[in-house]
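Peer 1: I have a structure here, written as structure tokens, and I will follow up with some questions on it.
The values are calculated or read from the model by the stated rules, or taken from the named source; none is laboratory data. Computed from a predicted structure; not experimentally measured. Virtual Cβ from ideal backbone geometry, glycine too; neighbours counted across all protein chains shown. The area values use the complete protein model at the heavy-atom level, side chains included, leaving out ligands, DNA and RNA. Shrake-Rupley method; radii C 1.70, N 1.55, O 1.52, S 1.80 Å.
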Amino acid sequence: MKKITEILGLKEKESAAGAEKVNEWLANYQVYYQNLRGFHWNIKGERFFVLHAKYEELYDDAVEKIDEIAERILTVGGKPLHAFEDYLKVSSIKAEKDKCDAASTMTAVLNNLEVLIKMEREILSVAEAAEDEGTLALISDYISQQEKLVWMLTSFMK
């Protein structure tokens, strides 16, 4: 049987490099997701009701994206990381702890999004070299959504 990359018409070596980079992205998304869960559970203060709901909305969105990212890795012939210890080794986003106020949690979310967007821009060039239109489309959509989210969150915090 042919390899999936051959069936899809992807360059095997470049696809393997892309899958590795997308696995790093997956690890970062998992830590971002867990940070959002912690913020949702622990937020306090006058912005509680707004941020409690917003963090739930964001982690619901993140969990869907995590599934899409893992499935994309499988689609291009890779194997997604799935142990949290591996995520923590690979992720540039650090697990947040003991943050419960609006300013510190929102700053952390914006910092996490900055890491994700930077990484996504890096993956664009890797996916382009692999002629991997599926990954390009996925990331382009995520970047557009995240840019709008950053604008909204920074506007909220002013």
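Peer 1: First measure r as the distance between the Cβ atoms of Leu8 and Asp67, then evaluate 1/(1 + (r/R0)^6) with R0 = 22 Å and state the FRET efficiency to the nearest 0.05. Don't jump to the answer; show the numbers that get you there.
Peer 2: On the way: r = 20 Å, r/R0 = 0.90.
The pair Leu8/Asp67 has a calculated efficiency of 0.65.
Peer 1: If you don't mind, another one. For Rg and Dmax of the Cα atoms in Å, which listed value, (1) 19.3, 64; (2) 25.1, 83; (3) 16.7, 60, comes from the coordinates shown?
Peer 2: The listed entry that was calculated here is (3).
Peer 1: Related question: Nearest 0.05, what FRET efficiency do Ala16 and Asp141 give at R0 = 22 Å with Cβ-Cβ as r?
Peer 2: Numbers: r = 24 Å, r/R0 = 1.07.
Efficiency for this residue pair is about 0.40.
Peer 1: Still on this structure, please answer the following. Tell me the carbon and sulfur percent of the accessible area for the chain, rounded to whole percent, probe radius 1.4 Å. Kindly include the intermediate steps, with their values, before the conclusion.
Peer 2: Details: 4820 of 8890 Å².
That fraction is 54 percent.
Peer 1: At 222 nm, what value in deg cm²/dmol follows for the chain if DSSP H runs of at least 4 each add -39500 (n - 2.57) and the sum is divided by all its residues, to the nearest 500? Write down the numbers at each step before the final one.
Peer 2: On the way: 6 runs with 123 residues, N = 158.
Helix contribution divided over all residues of the chain: -27000 deg cm²/dmol.
Peer 1: Moving to a separate point now. Can you give me the accessible area per residue for segment 1-68, using a 1.4 Å probe, in Å²? Walk me through the numbers on the way to the answer.
Peer 2: Working: 3870 Å² over 68 residues.
Computed with neighbouring chains in place, this is 57 Å² per residue.
Peer 1: What distance in nm separates the simple spin-label points at Leu88 and Glu57, each placed 7 Å from Cα in the Cβ direction?
Peer 2: 3.2 nm
Peer 1: May I ask you to derive the relative contact order of the chain, considering only C-alpha pairs under 8 Å and at least 6 residues apart, and to give it as an integer percent? Please list the in-between numbers first.
Peer 2: Details: 166 pairs, mean separation 52.4, N = 158.
Here the relative contact order equals 33 percent.
Peer 1: Using the Karplus equation 6.51 cos²θ - 1.76 cosθ + 1.60 (θ = phi - 60°), what ³J(HN,Hα) coupling, rounded to whole Hz, does each residue of segment 42-57 give in order, writing x for Gly and Pro?
Peer 2: With coefficients 6.51, -1.76 and 1.60, one gets 10, 4, 9, x, 5, 9, 3, 4, 5, 6, 4, 5, 5, 5, 5, 4 Hz.
Peer 1: Heavy-atom accessible area per residue, segment 80-155, 1.4 Å probe: how many Å²? Show your work: numbers first, answer last.
Peer 2: On the way: 4170 Å² over 76 residues.
Normalised by residue count, the accessible surface of segment 80-155 is 55 Å².
Peer 1: Enumerate by residue number the GluC sites (Glu not before Pro) in segment 32-111 meeting two conditions: DSSP loop (anything except H, G, I, E, B), and at most 16 other Cβ atoms within 10 Å of the site's Cβ.
Peer 2: Numbers: sites: Glu46, Glu56, Glu57, Glu64, Glu68, Glu71, Glu85, Glu96; in loops: Glu46, Glu96.
Within segment 32-111, the qualifying GluC sites (Glu not before Pro) (loop, at most 16 other Cβ atoms within 10 Å) are Glu46.
Peer 1: So how exposed is Val50, as accessible area in Å² (1.4 Å probe, rounded to 10)?
Peer 2: Per-residue accessible area (Val50): approximately 80 Å².
Peer 1: Taking loop as defined by DSSP and a crowding limit of 11 other beta carbons within 10 Å, which trypsin sites (Lys or Arg not before Pro) in segment 57-156 fit? Numbers along the way, then the final one.
Peer 2: Values: sites: Lys65, Arg72, Lys89, Lys94, Lys97, Lys99, Lys118, Arg121, Lys148; in loops: Lys94, Lys97, Lys99.
Hits after loop and neighbour filter: Lys97.
Peer 1: OK, next. Hey, how many Å between the Cα centroid of segment 1-59 and the Cα centroid of segment 129-146?
Peer 2: The distance from the Cα centre of segment 1-59 to that of segment 129-146 comes to 14 Å.
Peer 1: In whole Hz, what ³J(HN,Hα) sequence does segment 108-124 give by Karplus (6.51, -1.76, 1.60; θ = phi - 60°), x for Gly and Pro?
Peer 2: Each residue of segment 108-124 in turn: 4, 4, 5, 5, 4, 5, 4, 4, 4, 5, 4, 4, 4, 5, 5, 5, 3 Hz.
Peer 1: For segment 20-95, what does the relative contact order come out to in percent, with C-alpha contacts under 8 Å and a separation of six or more?
Peer 2: On the way: 72 pairs, mean separation 39.4, N = 76.
About 52 percent, as a whole number.
Peer 1: How many lysine pairs does segment 76-158 hold where the Cα atoms are under 19 Å apart and the two sit 8 or more places apart or on different chains?
Peer 2: Total qualifying Lys-Lys pairs in segment 76-158 comes to 6.
Peer 1: With the dipole of the chain worked out from charges on the C-beta (+1 for Lys and Arg, -1 for Asp and Glu) around the Cα centre, which of Leu81, Met152, Gly134 lies farthest toward the positive end?
Peer 2: Of Leu81, Met152, Gly134, it is Met152.
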